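Taking it in order: structure first as structure tokens, then the write-up.
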Amino acid sequence: MKRTETSLPGVLLLEPVVHQDHRGFFMESFNQRAMEEIGIHHTFVQDNHSRSQRGVLRGFHYQLGRPQAKLLRATRGRIFDVAVDIRRGSPDFGRWAGAELTEENHLMLFAPEGFAHGFLVLSDIAELQYKCSDFYAPEHELGIAWNDPELGIQWPLEGLSPILSDRDRGWTKLSEMQPADLPRYEP
């Protein structure tokens, strides 16, 4: 497993070893020992799988009382995946890192606790599989606006009008969040 730092400390791009031949490919999508060797020491307790159509934008989501680290990959199609540092007091507060994850490049994005996560579907259909370090707890889920101008996220909309859930349409800007609704930076 190759580890590449993104522009945002803690958010990593991972490239697994992929064995390809005329039959197709084989790769380990997760190996706890390999993760620990590259510095990811999380226990993942839940796997999620989502399928979405072109233009669907999900996020930005996070859990406050039960924070989750996430390890994400596109198993079908193409997405633009983004993590935003929302930790109060962080030197990187409000900064974001994004990467294109595709079924062809096999890249994975690791986002630690304290980061909001969202993605945009760029292909006709995309499937995203991801591991979480804590269980989904809807009573702890919060979010920030996907189009917060202060974050300046460069979504590759390519002429698309994002398809949003009512919940995702209703999130507020990061600067309007109450401090108690944001995780705290702990170096």
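Restricted to segment 110-159, and to residues there that are of a type in the set (S, T, Y) and farther than 22 Å from S90 by Cα, the residue that is nearest to the chain's Cα centre (by Cα) is Y130.
State whether one or more residues within segment 125-135 are in a loop (DSSP other than H, G, I, E, B), modelled with pLDDT of 95 or more, among the small types (G, A, S) and under 17 Å from G59 (Cβ atoms). Checking segment 125-135: not a single residue is in a loop (DSSP other than H, G, I, E, B), modelled with pLDDT of 95 or more, among the small types (G, A, S) and under 17 Å from G59 (Cβ atoms).
When R73, R66, R33, R3 are screened for being surrounded by fewer than 21 Cβ atoms within 10 Å (Cβ to Cβ), part of a strand (DSSP E or B) and basic (K, R), only R3 passes.
Can you name every residue in segment 153-175 that is touching a residue at least 24 places away in the same chain (Cβ under 8 Å) and either part of a strand (DSSP E or B) or loosely packed, with under 13 Cβ neighbours inside 10 Å (or both)? Before you say what the answer is, go through the steps one by one.
To start, the set of residues in segment 153-175 that are touching a residue at least 24 places away in the same chain (Cβ under 8 Å) comprises 153-158, 160-165, 167-168, 171-175.
Once the filter is applied, which keeps residues that are touching a residue at least 24 places away in the same chain (Cβ under 8 Å) and either part of a strand (DSSP E or B) or loosely packed, with under 13 Cβ neighbours inside 10 Å (or both), segment 153-175 yields Q154, P156, E158, S161, I163, S165, R167, T172, S175.
Give G24, G39, G89, G10 a once-over and let me know the one that is out of contact with any Gly (no Cβ under 6 Å at 6 or more places or on another chain), touching a residue at least 60 places away in the same chain (Cβ under 8 Å) and surrounded by fewer than 17 Cβ atoms within 10 Å (Cβ to Cβ).
Working: G24 fails: touching a residue at least 60 places away in the same chain (Cβ under 8 Å); G39 fails: touching a residue at least 60 places away in the same chain (Cβ under 8 Å); G10 fails: surrounded by fewer than 17 Cβ atoms within 10 Å (Cβ to Cβ).
Testing whether each residue is out of contact with any Gly (no Cβ under 6 Å at 6 or more places or on another chain), touching a residue at least 60 places away in the same chain (Cβ under 8 Å) and surrounded by fewer than 17 Cβ atoms within 10 Å (Cβ to Cβ) leaves just G89.
Among the residues of segment 78-104, those identified as out of contact with any Asp or Glu (no Cβ under 8 Å at 6 or more places or on another chain), within 22 Å of E158 (Cα to Cα) and of a type outside the set (D, E, K, R) are V82, A83, V84, A97, T102.
Restricting attention to segment 113-120, does a residue exist that is touching a helix residue (DSSP H, G or I) at 6+ places or on another chain (Cβ under 7 Å) and over 17 Å from F30 (Cβ atoms)?
No, segment 113-120 contains no residue that is touching a helix residue (DSSP H, G or I) at 6+ places or on another chain (Cβ under 7 Å) and over 17 Å from F30 (Cβ atoms).
For M177, are the conditions met, namely being among the aliphatic types (A, V, I, L, M), over 17 Å from the mean Cα position of the chain (by Cα) and farther than 14 Å from F80 by Cβ? Yes.
The values are calculated or read from the model by the stated rules, or taken from the named source; none is laboratory data. All values derive from a computational prediction rather than experimental measurement. Every residue, glycine among them, receives a Cβ derived from its backbone with ideal geometry; neighbour counts consider all protein chains shown.
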